[in-house]
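Following: one structure in structure tokens, then a few remarks.
The values are calculated or read from the model by the stated rules, or taken from the named source; none is laboratory data. Just so it is clear, the structure is predicted and the values come from calculations on it, not from any experiment. Reconstructed Cβ throughout: ideal geometry from the backbone, glycine too, with neighbour counts over all protein chains shown. These accessible areas exclude ligands, DNA and RNA; they are computed on the full protein's heavy atoms, side chains included. Shrake-Rupley method; radii C 1.70, N 1.55, O 1.52, S 1.80 Å.
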Amino acid sequence: IPKRDWSSDVCSSDLLYQLQNQPAKAEEIYKRYLGQEPGSEDGILALAELHLDSNDPQGAAALLEDFVKESPESDRAWETLGQAYTNLGRTNKAADAYKHAYALNPEDPDLLKDYAQALFFDNQVDDAVKAYEKVLEQDANDSATLLRLGQLYRRQGSFNQSRQTLQKLLQLNGNNIEALYELAMADREDGQLDDSAKRFADIRSEEHTSE
């Protein structure tokens, strides 16, 4: 096979899109490129993304674990490794990978959200609260973050803070069933059983209306 310069096109999203129904062919192309450019970040990430798109997160994780040992400064590699671990259900490793990625690129708000979510799913409550509070510093009206913080404050037993956060979410989206449910649970766990019962009744009414 003649040697050629693959760098301009082999790792492009267009090529991956064109070959998404031919994963074996795409893998062949990426591996050929890596044979000419061993250790290429673009090549490794393109192959890892192909593994993920082919429902092979284990393959992606194995590839990226080796890569970050040699190139620990690659935030993109750590981010993609976090995604692979998430798909594998390895929540603790996902949180650690996203932590590395965010430390390398703290200006990326999406990395902070990914890190916070990984902490949430790994039940690292206190660290997740800190991460989500940083997200709110950047976007005070982020609905998904307000919901997560409402849930996390409840887990911490900070029921008033949970209710205040969820009420803010309801001001932005009054029909958010998850927020209503979290409020009802906060009331119940805080011993406010009458308020909790009323909120659950409102939820049932809202669900019935939406049918």
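Here are the numbers for this structure:
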read-out	value
Per-region count, region 104-114, residues charged (D, E, K, R) and either over 21 Å from LEU169 (Cα atoms) or open to solvent by less than 20 Å² (accessible area, probe 1.4 Å) (or both)	2
Matching residues in region 36-77 - criterion: being among the small types (Gly, Ala, Ser) and either assigned to a helix (DSSP H, G or I) or under 24 Å from TYR115 (Cβ atoms) (or both)	GLY43, ALA46, ALA48, GLY59, ALA60, ALA61, ALA62, SER71, SER74, ALA77
Filter result for GLU70 (modelled with pLDDT under 95, exposed (fewer than 15 other Cβ atoms within 10 Å of the Cβ) and either of a type in the set (S, T, N, Q) or under 24 Å from ALA144 (Cα atoms) (or both))	no
Residues that are farther than 18 Å from ASP42 by Cβ, small (Gly, Ala, Ser) and part of a helix (DSSP H, G or I), drawn from region 78-114	GLY82, ALA94, ALA95, ALA97, ALA103
Test: residue in region 85-97 that is farther than 25 Å from PRO38 by Cβ, β-branched (Val, Ile, Thr) and open to solvent by less than 40 Å² (accessible area, probe 1.4 Å)	no
Test: residue in region 131-138 that is under 29 Å from PHE67 (Cα atoms) and surrounded by fewer than 17 Cβ atoms within 10 Å (Cβ to Cβ)	no
Flag if GLN117 is open to solvent by 60 Å² or more (accessible area, probe 1.4 Å) and part of a helix (DSSP H, G or I)	yes
Candidates GLN156, GLN138, GLN117, GLN151 - the one that is out of contact with any Asp or Glu (no Cβ under 8 Å at 6 or more places or on another chain), at pLDDT 95 or above and of a type in the set (S, T, N, Q)	GLN117
The listed residue being in contact with a Gly (Cβ under 7 Å, 6 or more places away or on another chain), in contact (Cβ under 8 Å) with a residue 24 or more places away in the chain and closer than 30 Å to LEU170 by Cβ, out of ALA101, ALA95, ALA118, ALA128	ALA118
